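Trainee: Once you've had a glance at the structure underneath, I'll fire off some questions.
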Amino acid sequence: MAFIVNSEEVARTAMLPINSALIDQFATVIRFLSEQPIAVSSALRGSNAPDIGSAEYINRQAISFSAAREPRSPQPPSTIPDEMVSVILSEYFDIPEADLERIKHEHLLSMGAENMVGDLLERYLASVLEPRGWVWCSGAMVKAADFIKTPTTQGEAWRMLQVKNRDNSENSSSSAIRAGTIIEKWFRTFSRRAGSNWAAFPDESLRVHLSEEAFKDFVKKYLRELKT
């Protein structure tokens, strides 16, 4: 698995007509993958998938990298709720039948909102981290890592970071992929106690710029702009 010799130049050319504001970020991810090909994700699959590291691969990834950063609205699940849930709510929890349809609808909205938090977290982190040396690996280009940081001195290694919204949100397959790698892991909230984990963010120099209150403000502004 080898990238073409001029992969970074190809990356810059590919991103130019798509989103010129993302040229440096995309080129950085391609440079990282060319140096660390073991970190390439298998996002592009199928019989028509381009060879990893080829010019076509870079061009296809440029589209995904930019598209993943487009504004995204919360969406309730499209699955049909199990009617037995309403039976349980009514018979055991004494929820009035008149309230069941409303609760069912609000539950779907809540699920849609919950499914959106992880994406919003990455967007917030990108807004703070990218001006300070990190790059958001949007488009699932990098295996088990959401952000990478460019080495700033000779001999320094790349940093890879996986972020999760809660301490119990990593499944076993994701954990297995990280095993034996240099990927750092950080989560925002705890599942069994109140409070947030911003004080333990792996890049100590950025902790002063990150907080739950700032994240909340970011989310409010993002959602308000979606509605305008």
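FYI, it's all coordinate maths here, none of it is from the lab. All values derive from a computational prediction rather than experimental measurement. We place every Cβ from the backbone using ideal geometry, glycine too, and count neighbours over all the protein chains shown.
Trainee: For a footprinting-style exposure proxy, rank 204, 130 by other Cβ within 10 Å, fewest first.
Mentor: Ordered by Cβ neighbours within 10 Å, fewest first: 204, 130.
Trainee: So how far apart, in nm, are the two label points at residue 140 and residue 83 if each is 7 Å from Cα heading toward Cβ?
Mentor: 3.4 nm
Trainee: Using a 10 Å Cβ count of at most 15 others and DSSP loop calls, identify the longest part of the chain lacking such chymotrypsin sites (Phe, Trp or Tyr not before Pro).
Mentor: So the longest stretch without any such site is 94-189.
Trainee: If contacts are Cα pairs under 8 angstrom and at least 6 residues apart, what is the relative contact order of region 1-67 in percent?
Mentor: 48 percent
Trainee: Additional query: Could you put 188, 31 in order, starting from the residue whose Cβ has the fewest other Cβ atoms within 10 Å?
Mentor: Arranged by neighbour count, lowest to highest, 188, 31 become 31, 188.
Trainee: Sequence neighbours fewer than 8 away in the same chain don't count; with that in mind, list the lysines whose C-alpha is under 28 Å from residue 220.
Mentor: Once the sequence-local lysines are set aside, what remains near residue 220 is 104, 149, 164, 185.
Trainee: How far apart, in nm, are two points set 7 Å out from the Cα along the Cα-to-Cβ line at residue 20 and at residue 223?
Mentor: Label-label distance for residue 20 and residue 223, simple model: 3.5 nm.
Trainee: Once the Cα atoms of helix 97-129 and of the chain are each reduced to a long axis, what angle between those two axes, in degrees from 0 to 90 to the nearest 10, is obtained?
Mentor: Taking Cα atoms only, the helix is inclined about 20 degrees.
Trainee: Let me ask something additional. Assigning unit charges at the beta carbon (Lys, Arg +1; Asp, Glu -1) and nothing else, what dipole magnitude in debye, to the nearest 20, does the chain show about its Cα centre?
Mentor: That gives a dipole near 560 debye.
Trainee: OK, next. All other residues with a Cβ under 11 Å from the Cβ of residue 48 taken together, and with Lys, Arg as +1 and Asp, Glu as -1, what is their net charge?
Mentor: Combined, the nearby Lys, Arg, Asp and Glu give +1.
Trainee: Also: Can you check what the net charge comes to around residue 136, using other residues whose Cβ is under 9 Å from the Cβ of residue 136 (Lys, Arg +1; Asp, Glu -1)?
Mentor: Taking every Cβ under 9 Å from that of residue 136, the sum is -1.
Trainee: Which aspartates and glutamates have a Cα less than 18 Å from the Cα of residue 216, not counting those fewer than 8 places away in the same chain?
Mentor: Straight-line reach from residue 216, under 18 Å: 114, 119, 122, 225.
Trainee: Angle check, please: helix 212-227 long axis (alpha carbons) against the longest principal axis of the chain (alpha carbons), in degrees 0 to 90, nearest 10.
Mentor: For 212-227 against the chain, the angle is about 80 degrees.
Trainee: If you put +1 on each Lys and Arg Cβ and -1 on each Asp and Glu Cβ, how big is the dipole of region 84-143 around its Cα centre, in Debye rounded to 20?
Mentor: Dipole magnitude for region 84-143 comes out near 540 debye.
Trainee: Could you list 183, 18 in order of exposure, starting from the residue whose Cβ has the fewest other Cβ atoms within 10 Å?
Mentor: Going from sparsest to densest Cβ surroundings: 18, 183.
Trainee: So how much slack lies between residue 209 and residue 47, counting 0.36 nm per residue of separation and subtracting their Cα-Cα distance, in nm?
Mentor: Length gained, residue 209 through residue 47: 53.9 nm.
Trainee: Please report the orientation-averaged projected area of the chain, defined via the convex hull of its C-alpha atoms, in nm².
Mentor: 16.6 nm²
Trainee: If the chain between residue 158 and residue 105 were fully stretched, how many nm would it gain, using 0.36 nm times the residue separation less the Cα-Cα distance?
Mentor: The residue 158-residue 105 span can extend by a further 14.5 nm.
Trainee: Report the local net charge at residue 26: Lys and Arg +1, Asp and Glu -1, summed over other residues whose C-beta lies under 14 Å from its C-beta.
Mentor: Surrounding charge for residue 26 is 0.
Trainee: Run lengths n ≥ 4 of DSSP H only: what is the helix-derived mean residue ellipticity at 222 nm for the chain, with -39500 (n - 2.57) per run over all residues, to the nearest 500?
Mentor: Helices in the chain give a 222 nm mean residue ellipticity of -14000 deg cm²/dmol.
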